[in-house]
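Student: Got a structure here, written out as structure tokens. Questions coming.
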């Protein structure tokens, strides 16, 4: 049987062997063929697919979103507008997350400025502020 071992395909796609196995278990890549000695053997096309998944992950797409993108890429009825809609939605989610993280960062910086970093923790204005804002209640 001709093909690539898991180590070779992982290296060429820029991922680990564990990642290849994980994507196979998740159904993102087809199960590999096996040699007589039970080694996984992959096809050249699997490198392209793994590289696609890696690039999509690097852009922040979740595995379920990647699954949708992969299915669209193999559906002859897919339009550019279909793909553009998905990337636009992802970009909007990231913009909202950046806005939330910016707000959190500003709040943390304000809290950090309250404390001079000296003395016992029971007199820490950060802890006092957090306790005051939560009302001292467990939620």
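The values are calculated or read from the model by the stated rules, or taken from the named source; none is laboratory data. Please read these numbers as outputs of a predicted model, since none were measured by experiment. Glycine gets a Cβ as well: all are built from the backbone with ideal geometry, and neighbour counts include every protein chain shown.
Student: Only one of these conditions is not met by residue 106: (1) over 23 Å from the mean Cα position of the chain (by Cα); (2) closer than 30 Å to residue 2 by Cα. Which number is it?
Tutor: All conditions pass for residue 106, except number (2).
Student: Could you please tell me which pairs satisfy a Cβ distance under 6 Å, a separation of 6+ or placement on different chains, a first residue in the stretch 61-78 that is more than 16 Å from residue 46 (Cα to Cα) and not assigned by TED's automatic domain parsing to the domain that holds residue 97, and a second residue that is exposed (fewer than 14 other Cβ atoms within 10 Å of the Cβ) and modelled with pLDDT of 95 or more?
Tutor: The qualifying pairs are 72/78; 72/82.
Student: Something else about it: Out of (1) out of contact with any helix residue (DSSP H, G or I) (no Cβ under 7 Å at 6 or more places or on another chain); (2) under 27 Å from residue 3 (Cβ atoms); (3) assigned to a loop (DSSP other than H, G, I, E, B), what's the single condition that is false for residue 41?
Tutor: (3)
Student: Next question. May I ask you to list the residues in the stretch 47-72 that are over 20 Å from residue 19 (Cβ atoms) and surrounded by fewer than 12 Cβ atoms within 10 Å (Cβ to Cβ)? First the steps, then the outcome.
Tutor: If we filter the stretch 47-72 for residues that are over 20 Å from residue 19 (Cβ atoms), which is where we start, we get 71-72.
Within the stretch 47-72, 71 is the sole residue that qualifies.
Student: A follow-up question, please. Within the stretch 34-53, count every residue that is under 23 Å from residue 68 (Cβ atoms) and free of Cβ contacts under 8 Å to residues at least 24 places away in the same chain.
Tutor: Within the stretch 34-53, residues that are under 23 Å from residue 68 (Cβ atoms) and free of Cβ contacts under 8 Å to residues at least 24 places away in the same chain number 4.
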